[in-house]
Amino acid sequence: MREMKNESSLTPLICTTCNFLIMRWLLLLFITCTLVACATGPRVVNHSFGFDTRNSIPLAEVLDYRYGDSKLPVRAPEWAIKEGKTFGFNNVGGPMLVGDFLYVKWRIKDTGLVYEETVDLRQRLPRNIKDHTVYFDIKGAQLYVYLISPERRPPDMPPNGPHMYDYRKIFTIYPDQPKH
């Protein structure tokens, strides 16, 4: 009888050990999958996206725009595009996906000419854009894309890009600038 008691008393110990090993293995698998997803998935970074064409010269109106594959608020609402609405400005900030591209379609009000352009941002944006702003401007038929740094512009650095950010470091990332 003693042997039976010993055998039955080992069964819970074996089950507990098996459960512990299985749980440990599952936890390790979960952590590994999470790390791989973080390393290969889309980057979510605290940054901003914006534009303001209300004072562009010549006056332009944005017909459609998309910053990356994200849904609102970094793209024009589909219902507004279908209704023919135009967009003069947008500015959104916070934790959001870093866009791989920027698509903009615009019309010059005086002439009615329509332009559209898609800019590949994958090689233009630095790895770390935390607290930066991706900003576009329109000058006639040319789209300009800027990366606005959170750092102040040193006095010996000439202003570049949108005037409202003259006090900050601004880098033109499109169109390509000649290397000096």
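The values are calculated or read from the model by the stated rules, or taken from the named source; none is laboratory data. Here the structure is a predicted model, which is why all the values come from computation and not from measurement. Note that we place each Cβ from the backbone using ideal geometry, even for glycine, and neighbour counts take in every protein chain shown.
So is residue 75 surrounded by 15 or more Cβ atoms within 10 Å (Cβ to Cβ) and modelled with pLDDT under 95 or not? Judged against the criteria, residue 75 is a match. Scanning region 101-113 for residues that are surrounded by 11 or more Cβ atoms within 10 Å (Cβ to Cβ) and either modelled with pLDDT of 95 or more or part of a strand (DSSP E or B) (or both) yields 101, 102, 103, 104, 105, 106, 107, 108, 113. Of the set (1) of a type in the set (Val, Ile, Thr); (2) surrounded by fewer than 16 Cβ atoms within 10 Å (Cβ to Cβ); (3) not in a strand (DSSP E or B), all apply to residue 81 but (2).
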